[in-house]
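See below for the structure under consideration.
The values are calculated or read from the model by the stated rules, or taken from the named source; none is laboratory data. In this text the structure is predicted, and so the values were computed from the model without any measurement. Because the Cβ atoms are built from the backbone with ideal geometry, glycine has one as well, and the counts that use them run over all protein chains shown. Surface areas here come from the heavy atoms of the whole protein model, side chains and all, with no ligands, DNA or RNA. Shrake-Rupley method; radii C 1.70, N 1.55, O 1.52, S 1.80 Å.
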Amino acid sequence: MKDCMFVILALFMCSAVLIGSAVADVIVEPLSYSQDFETVELSAWASYPLWQDTAYDPNFRVNTIVPGDPNISIVQKVTPYTKVDNYAGAQKELDMYLVPGATISLRYYLKTQLNAEFFKVRLAAGPDGKVDYTIPDPDTNRWVNITVGFDDFIRENPSLAGKSQIKVNTLAVLAKFPAADPAMPIFFGLDDIVFESARAMAFQFSEPVMHKLSEWKPYIADKHYNKGDTFTLRGEWPLNAKSITLDMALFSDDSKKVLSTKLKKKKGEWTYSGNLNYDEGLYLATMTAYKGKEKLSDTQFTICIAPRNIGGSHPRLFFDDDKKKWVDERMKSERFKSVYDGILKSAESSRKRVPLDEVVFDIDQFPEENWIATLGGWSSDRIGAWRSAIKNNAFAYAFHGDREAGIYAKDLFVKISEFPYWLHPWMIKRGRHIYYPVGLMGMDIALGYDLIYDLMSESERVTVRAAMMKHIILGCHKGYVEDDLVTNNTSNWVGHVTGGSHMCMAAIYGDGDDVAQVEPYFTGAILKDYEFIQYVFDRDGAYGEGYGYYNFSMLSWAEALPVLENVFNIDLSATINGSYKELIWAGNIKEKQTFYFGDSSGGLRPLTNFAWMLPKYKDPLLGWFYNFMKKDETFMDVLYETSDVPKQEPFGENPVKLFRDVGTTVFKSGWDTDDFIFVMRTGPFINHQHLDQGSFWLSGGGSLFIEERHNSTYYNDPLYQPWYTQPVAHSTILIDNNHQSQRVGDLLWHVDGFDDYAFMTHFLDGDIAAFSSGDIGRLYWGKVKSMKRNALYLKPNAVLLVDTIVPGERDYDVTQLFRQSYR
């Protein structure tokens, strides 16, 4: 049986490396990608188009599409909600080149009573956009084998004529089913994919030992270095390079370059050796091969300069011994008396809720199918209760010296560490290795380990470290790094899962030979979390998911990111700084209400999860916002000074604002509770959004007139997918009365070549008027050339909304929807 395979064919013949060299600007080497899904994992495949919640897609899994057939494959269930066109498909990110002689082979199964209109093999081809090979009227209800070659794509896409090399960033397949029947679901199967083509020729490392993860570009150095160590680089690059440069900078800030040099050629190998006289942290190095001024190829790798001799040194996560003295002093002050006393109460309450003698392994009794009814029993009564009990009692030991609480935390931790698994069987059945509650558990047990370390015997430490490695660190690595779940990296689940891995790794780092192997798990989790941070934020100060998910992500980042910085001097937070501005502008801030889009809610709560950013960035606007929302003192207020910080209210700022990347327009007459407010979204898809681009909120005079559809129970509401998430439930536009008019769009930063997303085209702001225009037409399956929502704001209290639509092949009936508020 084959797992996800990238097979690099050995290249020792010059003719093999110069494919298309007269035309192409990249030298390539043969590469074969194959996947047959026999491991029951999705192996970094996702639905195409994306599902509305990309982290939780219950209709896309590895299973058997034909009852009794032992063959397993991707199986997607498509439920038509009305009698309109429906689509099925899948996509996989790749870093390859389509070259002469390349082939893509696969099997597909369209299980339906309908006649399919087409089956497409689609490539995201960077500057060449979407490149399709189309099979019209494909066969249904049987496995169909197809092979598509380089010449097939060139023939069907005339704009590619003359090319000998096409960049492939994603391989996708798509089937269309006209006028689907709401009573009959459609099933799509995909299996036995083989892509024989090429990749950019990579440096061949002899030293140091490197890991290469199939879903991530940089190689990862297996060894962690200490400051001052000698770093030696050796290897071959058979592409006739005349020179190779080596540049190294901080992983999270390429402007902070620490090395720029050239490799030397010795006995057929390219080499570099030098001392790592740099601060601790994670560094990204780029080697670039040149022939004269012509760039031939590049290869990236990471190296970590780690803290020296920290094994056995605890506490270390939130504070070391010196800082803990400062925390203890603050904790015992009158200001934080409620926090100090609350620690003992929480510990005692946890012990009563989770008596040690009643903790047994019964997770195997939870169902593999139809799991929603049992989710709370697993997530809250087991995982949530265990992690809270360990953390609460570890805190009681650390801050009150309560030995009874510390011993309880230790004994509970050891007991659950001996359980064979923590994951719900529903997830295991679907080839998943971790679920976000287990990631959150990893954060709490990491804190527990750090605070009760001295109470454990070494054998007990080995037991709990093995559990942390197995269930959290390896669970994150296998599920979210190797399998790359949530491939678009815009779901809060990524932060929870990687946060658990970060904190467990930081807690146990250097503590024994049993946890000496840290790569590629350490850097892999950082690559995943950092990509999430880069993709989910808007450069003007917004988070793509709704406020509730933003606050939830911050719950994990508030612990995991400071821990990464405290222990390893790795700071991933720069993009998060200033990211909360949409919460202030896009709503009625004096009513503590933000106007959101998609799943979530808009009632703002205290910003406890933002406390760590106040002393770090000293942002006066956040200082005001935090204290404006604050109610009671929390442990985070103890850990970080949040009152004695610069504060600057926003009420002197222009209330009109654009958030370009997420596509949020804000037209407001002022900051008072009864001022006019218009907030519209016309931007790229980000996780948890509804299919509602062009939708808007409208309020004025203290009344709410038009708002987002909300109040669904999400997991078990039968109206959630067919109604709440669809365009018909929102203030947007339908074509031909199709309740499912819009597709889930592509992401702005995700895949170069897939750009079916809404986007801003114009924004102007003047003394008496403002104007905004966003094009949402790419979301309508090619039925229109463009569809622009133009909003002219006549200050102070009127908006003229004008939709301009350019039809595609024929004229269409168009319906404007306005969702009235009933509050």
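Here are the numbers for this structure:
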| read-out | value |
| --- | --- |
| Under Karplus coefficients 6.51, -1.76 and 1.60, residue-wise ³J(HN,Hα) of the stretch 468-485 in Hz, glycine/proline x | 4, 5, 5, 7, 9, 5, 6, x, 4, 5, 5, x, 10, 10, 5, 7, 6, 4 |
| Centroid-to-centroid separation of the stretch 502-534 and the stretch 42-62 [C-alpha atoms, Å] | 26 |
| Debye, to nearest 20: dipole size of the stretch 299-388, +1 on Lys, Arg Cβ, -1 on Asp, Glu Cβ | 660 |
| Percent accessible area from carbon and sulfur atoms, the stretch 679-757, protein chains only, probe 1.4 Å | 53 |
| Net charge of Cβ neighbours under 13 Å - reference Thr761; Lys, Arg +1; Asp, Glu -1 | +3 |
| For q = 0.10, 0.13, 0.17, 0.19 Å⁻¹, Debye-computed log10 I/I(0) when each Cα of the stretch 725-823 counts as one equal scatterer | -0.32, -0.54, -0.87, -1.02 |
| Three-way shape call for the stretch 339-439 based on the alpha-carbon gyration tensor, with the a/c threshold at 1.5 | prolate |
| FRET efficiency for Thr713 and Gln816, using Cβ-Cβ distance with R0 set to 45 Å, rounded to 0.05 | 0.95 |
| Carbon + sulfur, % of accessible area of the stretch 50-102 - ligands and nucleic acids excluded, 1.4 Å | 53 |
| Full-extension gain in nm, Val806 to Ser457, via 0.36 nm per residue minus C-alpha separation | 118.4 nm |
| Long-range HN-HN contacts of Leu259 with modeled amide H, under 5 Å | Met248 |
| Within straight-line cross-link reach of Lys130, lysines at Cα separation under 20 Å, skipping those fewer than 8 residues along the same chain | Lys92, Lys120, Lys163, Lys167, Lys176, Lys783, Lys785 |
| Phi to ³J(HN,Hα) by Karplus 6.51 cos²θ - 1.76 cosθ + 1.60 over the stretch 775-788, Hz, x for Gly, Pro | 9, 10, x, 5, 8, 10, 6, x, 6, 10, 7, 7, 8, 9 |
| Accessible area expressed per residue, the chain, with surrounding protein chains retained (probe 1.4 Å, Å²) | 38 |
| Distance (nanometres) between label positions extended 7 Å along Cα→Cβ at Asp229 and Ser243 | 3.0 |
| Prolate/oblate/rounded label for the stretch 659-801 (Cα gyration tensor, a/c 1.5) | oblate |
| Net length gained if the chain between Asp321 and Arg605 were fully extended (0.36 nm per residue, minus Cα distance) | 99.0 nm |
| Relative packing of peptides 788-800, 187-199 - highest average C-beta neighbours within 10 Å first | 187-199, 788-800 |
| Thr79/Thr286 FRET efficiency (R0 51 Å; Cβ-Cβ; nearest 0.05) | 0.65 |
| Highest to lowest packing among 667-677, 139-149, 625-635, 560-570, scored as the average C-beta count within 10 Å | 560-570, 667-677, 625-635, 139-149 |
| Sum of -39500 (n - 2.57) over DSSP H runs of 4+, divided by residues of the chain (222 nm, nearest 500) | -7000 deg cm²/dmol |
| Label-reachable residues, the stretch 165-209, where backbone N falls under 14 Å from a point 7 Å from Ser273's Cα toward its Cβ | 207-208 |
| Rounded to whole Hz, the Karplus (6.51, -1.76, 1.60) HN-Hα couplings of the stretch 750-762, x for glycine and proline | 7, 10, 6, x, 9, 10, 7, 9, 6, 7, 6, 10, 8 |
| Share of pairwise Cα separations in the chain, more than 38 Å, in percent | 46 |
| Net charge over other residues, Cβ less than 10 angstrom from the Cβ of Tyr714 (K, R count +1; D, E count -1) | -3 |
| Hydrodynamic radius of the stretch 395-533 per Kirkwood, over alpha carbon pairs, in Å | 15.2 |
| For peptides 596-608, 484-496, 806-818, sequence by mean Cβ density within 10 Å, most packed first | 484-496, 596-608, 806-818 |
